[in-house]
1. Given (1) more than 26 Å from residue 156 (Cβ to Cβ); (2) surrounded by 15 or more Cβ atoms within 10 Å (Cβ to Cβ); (3) of a type in the set (Asp, Glu), identify the lone condition not met by residue 192.
2. Report yes if residue 5 is in contact with a strand residue (DSSP E or B) (Cβ under 9 Å, 6 or more places away or on another chain), open to solvent by 60 Å² or more (accessible area, probe 1.4 Å) and in contact (Cβ under 8 Å) with a residue 12 or more places away in the chain, otherwise no.
3. Would you check if residue 175 is under 30 Å from residue 282 (Cβ atoms) and not polar (S, T, N, Q)?
4. Quick one: would you say residue 251 is assigned to a loop (DSSP other than H, G, I, E, B) and in contact with a helix residue (DSSP H, G or I) (Cβ under 8 Å, 6 or more places away or on another chain)?
5. Go through (1) open to solvent by less than 60 Å² (accessible area, probe 1.4 Å); (2) more than 30 Å from the chain's Cα centre (by Cα); (3) within 27 Å of residue 8 (Cα to Cα) one by one and return the number of the condition residue 311 breaks.
6. Among all residue pairs at least 6 apart or on different chains, which show Cβ distances below 9 Å where the first residue, located in the range 121-132, is polar (S, T, N, Q) and the second is loosely packed, with under 12 Cβ neighbours inside 10 Å?
7. What's the number of the only condition in (1) assigned to a strand (DSSP E or B); (2) open to solvent by 70 Å² or more (accessible area, probe 1.4 Å) that residue 106 fails to meet?
8. Give the residues of the range 8-35 that are open to solvent by less than 40 Å² (accessible area, probe 1.4 Å), assigned to a helix (DSSP H, G or I) and touching a helix residue (DSSP H, G or I) at 6+ places or on another chain (Cβ under 7 Å), sorted by residue number.
Amino acid sequence: MIYKHRTKPRLLSGLLALEKRLSPAHEKYEYIQSELYKTRAGYGGEQEYDRYMNEVRTDYPHAILHDLSLQHEGIHFQIDSLFITPDSIIISEIKNIADKIFIKAKPIQFIKQLPDGTRLLFRSPIAEVERKIQFLEKWLACRNVHVKVKGLIVFAYNNEMFIEEKPSMEVITAYEAPTYFRSLTPQNQSLEERDIARIAKALARGHKEYNPYPITVRYKIAERDIRGGVFCSRCEIPAIMRWSDLRWDCPVCGVREIGSHQNAVIDWFMLMSGPLTNRKFCEFTGITNRHTAKRMLARSEIQKQGEGRGSRYTSLI
């Protein structure tokens, strides 16, 4: 049973907004594009894994939780996917790498080979999982749960893999995941079905989604470099709309809409720091009438604090 589904990463939403509002001439534009590509690809690989995990059927009780973000003693750790069996908990670390993979031992090395034959060493996912195992065991112990925690390395697609020596953790592809979990034979079944459900619910409650906002602070980009405006949602290359006759007008495709500024409000909270004010909203959207801006903000899904010129708005995302 799946106790927690995966949701679109906040970082991905923030990077999409940043790329849209950052000039291609900006010194960090290419880096942001690279970060966006990696984040989008990682999410795509995780979704591929989730599709296969929907096929999992076992003879033993189990629980599945995707995309867990937990904290222990101020340390944040993220788990791509987690599988609870009667005798253990398995952390799946999902890697979206389309190249040939070489796994060497002593010392353990993960190497990808590009189409041109170039080989690049990438950080060992085993080391990443070992760190997460350590923190998850402590997190569980604080809740009086003592069960073996293991790791599993999953490549999202059917990579061509060359394993020199079997590593300390199992390495599979997402396609193999249903068979892998179905073939497990729990030995010391310390957890009954109700225990598995209790632990899964506690983990789901303990999930604290990582908040990367404001994105400009994360990537050390000056807020003055962020392009303002209300963008048309219909145009392939976003055009800046104008407010006229109680509608937003697109000068490119001619579409007329009422609530186009709502996306600009969301972008602002993902990108910029501090609370939103009426004046900042006017500057960001191009609205010239502060009373119009006030009415727009009142109809937005944000929280108002204070009255009059001291009004401040905070995000609900």
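The values are calculated or read from the model by the stated rules, or taken from the named source; none is laboratory data. What you are looking at is a predicted structure, and each value in this text was computed from that prediction instead of being measured. Cβ coordinates were reconstructed from backbone atoms using ideal geometry, including for glycine residues, and neighbour counts include every protein chain displayed. Keep in mind that these areas ignore ligands, DNA and RNA; they rest on the heavy atoms of the full protein, side chains included. Shrake-Rupley method; radii C 1.70, N 1.55, O 1.52, S 1.80 Å.
1. (2)
2. yes
3. On the way: under 30 Å from residue 282 (Cβ atoms): no; not polar (S, T, N, Q): yes.
Taking the combined requirement at face value, the residue does not satisfy it.
4. Working: assigned to a loop (DSSP other than H, G, I, E, B): yes; in contact with a helix residue (DSSP H, G or I) (Cβ under 8 Å, 6 or more places away or on another chain): no.
No.
5. Tallying (1) open to solvent by less than 60 Å² (accessible area, probe 1.4 Å); (2) more than 30 Å from the chain's Cα centre (by Cα); (3) within 27 Å of residue 8 (Cα to Cα), residue 311 fails exactly one: (3).
6. Listed pairs, sorted by first residue: 124/107.
7. Status for residue 106: all satisfied but (1).
8. Scanning the range 8-35 gives 11, 12, 13, 14, 15, 17, 18, 21, 32, 35.
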